[in-house]
Amino acid sequence: MAIKAGYPSDHEHEASQPMKTLSGLDGLFLHLETPATPMHVGSLSLLQLPANHRGNFCKSVQRHYARRLSLAPVLSRKLAEMPLQLANPVWVDEDQVDLDYHVQRLTLPGPGTQAQLEDCAGELHSQLLDRSRPLWRLAVIDGLASGQAAYYIKVHHAVLDGQAGVLLAQA
C-alpha cells in the first residue's frame, strides 16, 4: 500500500518542496550511527484489542496511517545526500510512502511469552533504518499468549526532535 503524500499534482509538489537542511545535531546523529550504536528511538506498547475486533489488525493500522499521514509530515520525509557529502543531507518529501514496508506484521511463535516479545523488540531495534526511505518503521506483533497485540515503533533521532515529537503525538 503506497500512499501519495497528499500533494495535488507533481508540478505543484515540486514547487512546494523546499529542501530543509539537517541541523548540526541531527547530522551528528546520522554520522555517529553504526550497526553497534543505532541512533533511533523506539517504543513498545501492549494493546488489548476490542472483543469484537475481526480481521487483520495490521491492515487496520495501515489504513489508519494512510488516513492520517498528511498530519505528520515528518513521516513522509527522507534524506537526500549533498554532492560529495560536503554538507549535511537535506530532508525532501517522499511522494509515495510505502506503508506495506513501514508497517509490518510479525507473529511470535508459540507460546508467545513476554520474553519472546522482548526478544523480538530487541531484534527489531538492532536493525538500522533504511536511509533511502522515510526514517521510521512500525511492527504490529501478534501471537501473544495473552491475546494482546503489541505495537513497536522506531523513529530515527534525526527525524524526531521535541517539536516534531509533539506534532507526531497530535496526529
Ser76 vs (1) of a type outside the set (Val, Ile, Thr); (2) open to solvent by 50 Å² or more (accessible area, probe 1.4 Å); (3) under 14 Å from the mean Cα position of the chain (by Cα); (4) within 14 Å of Arg131 (Cα to Cα): all pass except (2)
Of (1) open to solvent by 40 Å² or more (accessible area, probe 1.4 Å); (2) under 20 Å from the mean Cα position of the chain (by Cα); (3) modelled with pLDDT of 80 or more, Gly55 fails just (2)
Among residues of region 119-143 being open to solvent by less than 30 Å² (accessible area, probe 1.4 Å) and without any contact (Cβ under 8 Å) to a residue 40 or more places away in the chain, the residue farthest from Gly42 (Cα to Cα) is Ile141
Residue hits (region 118-142; part of a helix (DSSP H, G or I) and in contact with a Phe, Trp or Tyr (Cβ under 9 Å, 6 or more places away or on another chain)) are Cys120, Ala121, Leu124, His125
Residues in region 56-94 that are part of a loop (DSSP other than H, G, I, E, B), closer than 17 Å to Arg137 by Cα and touching a strand residue (DSSP E or B) at 6+ places or on another chain (Cβ under 7 Å) total 1
Exactly one of Tyr152, Tyr101 is hydroxyl-bearing (Ser, Thr, Tyr), in a helix (DSSP H, G or I) and at pLDDT 95 or above, and that residue is Tyr101
When Tyr65 is run through (1) buried (at least 17 other Cβ atoms within 10 Å of the Cβ); (2) modelled with pLDDT under 85; (3) over 25 Å from Asn88 (Cβ atoms), the failure sits at (2)
- Could you tell me whether any residue of region 41-52 is at pLDDT 90 or above, open to solvent by 80 Å² or more (accessible area, probe 1.4 Å) and part of a helix (DSSP H, G or I)? no
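The values are calculated or read from the model by the stated rules, or taken from the named source; none is laboratory data. In this text, all values refer to a predicted model and were calculated from it rather than measured experimentally. Cβ atoms come from the backbone with ideal geometry, glycine included; neighbour counts cover every protein chain shown. Side chains included, ligands, DNA and RNA excluded: accessible areas come from the protein's heavy atoms. Shrake-Rupley method; radii C 1.70, N 1.55, O 1.52, S 1.80 Å.
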